[in-house]
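J.: Got a structure here, written out as structure tokens. Questions coming.
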Amino acid sequence: MDTDFFEYEGYKIPLNLVYLTGGGTSTWDAISKGHMWQYSKYAPIESDSTVLEIGCGTGRDAIQLTKHLTSKGAYIGVDIILESIEWCQKNISPTFPNFTFLHYDVKSQIHNSGGKIDTTDIILPIADKSVDRIILQSVFTHMFEMEITHYLKEFERVLKDEGRICTSFFIINEEVLEMAKTTAPTLESLELSFKVPYGKGCYINDAVYPEGAVGFTEEALERMMKSSKLMLDQPINFGSWCGRTDKTDGQDMVIFKKI
Ligand SMILES: C[S@@+](CC[C@H](N)C(=O)[O-])C[C@H]1O[C@@H](n2cnc3c(N)ncnc32)[C@H](O)[C@@H]1O
């Protein structure tokens, strides 16, 4: 038995890359199918859509989307972990040439400590108004306001007028902080209490690893939307991460559209 790989739907994914993508082998299938369910519910993807995914990791969503997008559609995955992008380029693109993967050597405390550039240096090599859906799962939950705003401005540029941006966040308020203190389940083995205020409308979970988990108030979210000319497409779909018992999403799902 080959114990260094996770075998999934005909792919052999190196275990270290599975863990860097988040969660482990036992949750991979449920998370990837859960993401597809969220897209179908909040911002359906057509078979001929052009999809941009930031923070694609080792193709957890890309593998599912290969079954959904036809050759008339296209997918572009972006990540800062070179090994993950190289794995996707070698294992997904040869069979699905409309699936392309881009690496940016962005410095990140937890995902790419040796990186040479900042997120704010990224100009996506994508034409204006050419993308139908932009997806980010557990990505803005590791970033700060300046980087998120930079990405949102880029998204506003590349998104078609009718396009949608489907993101997950940790939205923080007094009630959430109180709930998280006592009732929060663990998400990917992290205790999420967001005890540490970290600037205007921002909270982190662990002072030693600020990027480990980052949350924002709705005021901060409003500020980021305003400066990138985006608005909410629908009310925030709050998740169960802080102990809500009546929610099906894990993190809070925030769907943006152009103003
Ligand atoms: C928790 S993982 C989630 C992976 C994937 N979205 C999923 O849910 O399966 C976060 C991913 O975001 C990537 N990431 C972190 N900062 C990034 C940035 N500035 N730009 C693009 N990707 C980033 C990480 O390398 C990592 O693959």
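Coordinate-derived values only; no laboratory data. Keep in mind the model is a prediction, meaning the values are calculated, not measured. Ideal geometry is used to build each Cβ from the backbone, glycine not excepted, and the neighbour counts take in all protein chains shown.
J.: For His103, are the conditions met, namely being out of contact with any Phe, Trp or Tyr (no Cβ under 7 Å at 6 or more places or on another chain), within 27 Å of Pro235 (Cα to Cα) and of a type outside the set (Gly, Ala, Ser)?
T.: No: the conditions fail for His103.
J.: How many residues does region 147-156 hold that are of a type in the set (Asp, Glu) and either part of a loop (DSSP other than H, G, I, E, B) or more than 9 Å from the ligand (Cβ to nearest atom) (or both)?
T.: 2
J.: Within region 28-70, take every residue that is touching a residue at least 60 places away in the same chain (Cβ under 8 Å) and among the polar types (S, T, N, Q) and give me the one that is farthest from Ile134 (Cα to Cα).
T.: Restricting to residues being touching a residue at least 60 places away in the same chain (Cβ under 8 Å) and among the polar types (S, T, N, Q), the top hit is Gln38.
J.: Cβ-Cβ under 6 Å, sequence separation 6+ or interchain: first residue in region 129-146 and more than 8 Å from the ligand (Cβ to nearest atom), partner assigned to a strand (DSSP E or B) and among the polar types (S, T, N, Q). Which pairs?
T.: Val131/Thr50; Asp132/Thr50; Phe140/Thr167
J.: Would you confirm whether any residue within region 98-116 is closer than 16 Å to Tyr11 by Cβ, free of Cβ contacts under 8 Å to residues at least 60 places away in the same chain and either surrounded by fewer than 22 Cβ atoms within 10 Å (Cβ to Cβ) or within 19 Å of the chain's Cα centre (by Cα) (or both)?
T.: Within region 98-116, one or more residues are closer than 16 Å to Tyr11 by Cβ, free of Cβ contacts under 8 Å to residues at least 60 places away in the same chain and either surrounded by fewer than 22 Cβ atoms within 10 Å (Cβ to Cβ) or within 19 Å of the chain's Cα centre (by Cα) (or both).
J.: Ok, one more. Return the residues of region 65-90 that are closer than 21 Å to Leu15 by Cα and either hydroxyl-bearing (Ser, Thr, Tyr) or touching a Lys or Arg at 6+ places or on another chain (Cβ under 7 Å) (or both); say none if nothing qualifies.
T.: Correct list: Ser84 only.
J.: When region 50-66 is examined, which residues are found to be under 26 Å from Ile123 (Cα atoms) and either surrounded by fewer than 22 Cβ atoms within 10 Å (Cβ to Cβ) or near the ligand (Cβ under 9 Å from one of its atoms) (or both)?
T.: Glu53, Ile54, Gly55, Cys56, Gly57, Thr58, Gly59, Arg60, Asp61, Ile63, Thr66, listed by residue number.
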